Amino acid sequence: MNAPEFVAGLVAEMQTLFARLAEGQTLEAESQGNVDVVPLLRAALKSELEAAELGGYALPTTPEIDAKSAFAQQCADEMKHYRLIAGRLAELGENLESHDPFADGYSPLYHYIKGLKTTVERIAAGPFAREAIAEVRNAQFIALCDRLGDVATASLYRDVIQPEEVEHHRLGRAVLERLCTTPETQRLAAEATRNTLAIADELSTLAERTTGLGPIPAS
Ligand SMILES: [Fe+2]
Ligand SMILES: [Fe+2]
């Protein structure tokens, strides 16, 4: 299988899994049932920081320029998302002075991605899969904001944050389409993608997270 065909197969696998999600299901999972704008914005602060850190962490040990560029872009954009979300929380009257996004530690997915060593695995887990999950989560969040009449939060996500998460996924996909030319790189990319789907908090309430196509570890 050539690289673009292989990557299209991985995208189809993810879409099959996402299609099983009910309306708002990623939000319930992420907030432990506290589905409202403020707690979800607070939860988002942590994922944006984690994504920024992972992008920056990969930079010096990623030799491929297209992959390095994807990580650098992500690092800057995710930190910007953090600032925008913190600004929106302040507008909503939230005081973040004593807020520590890492009070409960880093997420299991952060630890998993940080431990990956090859560019193919890092790109597959981070920009490619994690950003695909972010897109689904954000779409559910925008729908929630629309239902609740929070126009400003909806438009922050719809007009600024979501298009950039989509771009991060696109950059990751392009790198995989260039690098996944051998059975070994395809195996590594598929494993990292499936592991990410299995570990991500946003998908934790799906009864069955496997795509049926590969091994999923206990998370
Ligand atoms: Fe982001
Ligand atoms: Fe992103």
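The values are calculated or read from the model by the stated rules, or taken from the named source; none is laboratory data. No experiment lies behind these values; they were computed from the predicted model shown. Here the Cβ positions follow ideal geometry from the backbone for every residue, glycine too, while neighbour counts run over all protein chains shown. Heavy atoms of the whole protein, side chains included, go into the accessibility calculation; ligands, DNA and RNA do not. Shrake-Rupley method; radii C 1.70, N 1.55, O 1.52, S 1.80 Å.
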Going out from 0 in 10 Å bins, what whole percent of all Cα-Cα distances in the chain drops into each bin? 8, 36, 37, 16, 3, 0
For region 70-219, dividing by residue count, accessible area per residue (probe 1.4 Å) in Å² works out to 45
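Mind checking region 1-85 for GluC sites (Glu not before Pro) that DSSP puts in a loop (not H, G, I, E or B) and that have at most 15 other Cβ atoms within 10 Å?
GLU23, GLU64
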Please sort through the DSSP H helices of the chain and keep those with an alpha-carbon extent of at least 18 Å along the long axis and a Kyte-Doolittle average not below 0.0. 3-18, 37-58, 131-148
What is the spin-label model distance, in nm, from ALA72 to LEU92 if the labels are put 7 Å beyond Cα along the C-beta direction? 3.4
Expressed in nm², what is the orientationally averaged projection area of the convex hull enclosing the Cα positions of region 1-47? 4.4
With a 1.4 Å probe and all protein chains left in place, how much of the accessible area of the chain comes from carbon and sulfur atoms, in whole percent? 55
Would you rank HIS169, HIS99, HIS111, HIS81 by solvent-accessible area, highest first, keeping every protein chain in place and using a 1.4 Å probe? HIS111, HIS99, HIS169, HIS81
Based on DSSP loop calls and a cut-off of at most 12 other Cβ atoms within 10 Å, the longest stretch of the chain free of exposed trypsin sites (Lys or Arg not before Pro) is what? 118-219
